[in-house]
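**Q** Okay, here's the structure, questions in a sec.
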Amino acid sequence: MTPFHERDVRAAGTGGVPHGHGRCQGDDRGVKKVSTDRNPRGIRATGPNDSGTLRNRVGVGPDLDPDLDLDGRSMGFTLDGPVLEGSLVRLEPLDHRHAADLAAAAEENRSSYGFTWVPPAAEVGDFIDAQHARAAAGSLAPYAQVDRASGRAVGATAYWEPRLWPDGDRLCAIEVGYTWLAASAQGTGLNTEAKYLLFRHAFESWHVARVDLKTDARNARSRAAIEKTGAHFEGVLRSWSPSWVPGEEGRLRDSAMFSITAEEWPDRRAGLERRLAFRV
């Protein structure tokens, strides 16, 4: 599906890429990208490789389109989702071994999922298959969020929509999304530490220029949680993503956009570490 490119940013602040770094492929250039958040179900899949790490090749070239047949084309950055270990949470590459835990987590109390699509217990297997399909296309590295205290998977998250520098060999930006948590895991610090681990890997291992986040513009709780990570609010893109609000099937929502840039990361890292120090 071709994404919508008509962007109306109606808030102060641009939060663009760091000065002197130029632009990622796909930034304000009408480049087609796979819009994986527009169809979270119904995609047939392949699984992770033998190492247990989801490794996906992102194509080089002006199209940057994982729908294309990439056989025989030069390849660039590898989207690799390694295990990320914290004190409260361990992020593991999403696998069907997490299905039973995630099914239980998803059904604890669904009242907090008003703006977020979370698979019902009966659809968790399909959700995992769909995430693996996106991983195979090179657009996503999905994770299960595992509570270290209990050893149970209590939610999911992901890296997705990688964007490369114009030379096509280095990652410029990545989004963190597809995040949900069991009701009992919300407000415990797990989400904060998961974001910290994902941000740290993106900035310090992949050396990205920025990390993106977005949420339904009406979701005040999610926006507040994102802002607490130190992410900068960049504005609202109107009719940008599909709405997951019951009764709004087939409609588009306004999306609130946030980011952290490489220059900001040392300060944001220190802030997150201070917050987490009170949790462990």
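**Q** Could you rank HIS201, HIS98 by how accessible they are, 1.4 Å probe, largest area first?
**A** Of HIS201, HIS98, the descending order of accessible area is HIS201, HIS98.
**Q** Expected output is a single nm value to one decimal: the length gained when fully extending between GLU227 and ASP167, i.e. 0.36 nm times separation in residues minus the C-alpha distance. What is it?
**A** Stretched fully, the GLU227-ASP167 segment lengthens by 18.4 nm.
**Q** Hey, can you rank 82-92, 154-164 by average C-beta count inside 10 Å, highest first?
**A** 154-164, 82-92
**Q** Could you work out how much longer the chain between ALA121 and ALA270 gets when fully extended? Use 0.36 nm per residue separation minus the Cα distance between them, nm to one decimal.
**A** Between ALA121 and ALA270, full extension yields 49.9 nm more.
**Q** For the stretch 88-150, restrict the atom set to alpha-carbon positions and state the Rg and Dmax in Å.
**A** 12.1, 34
The values are calculated or read from the model by the stated rules, or taken from the named source; none is laboratory data. All of these numbers come straight from a predicted model, not from anything done at the bench. Quick reminder, even Gly has a Cβ in these numbers, built from the backbone with ideal geometry, and neighbours come from all protein chains shown. Heads up: the accessible areas ignore ligands, DNA and RNA and are worked out on the full protein's heavy atoms, side chains in. Shrake-Rupley method; radii C 1.70, N 1.55, O 1.52, S 1.80 Å.
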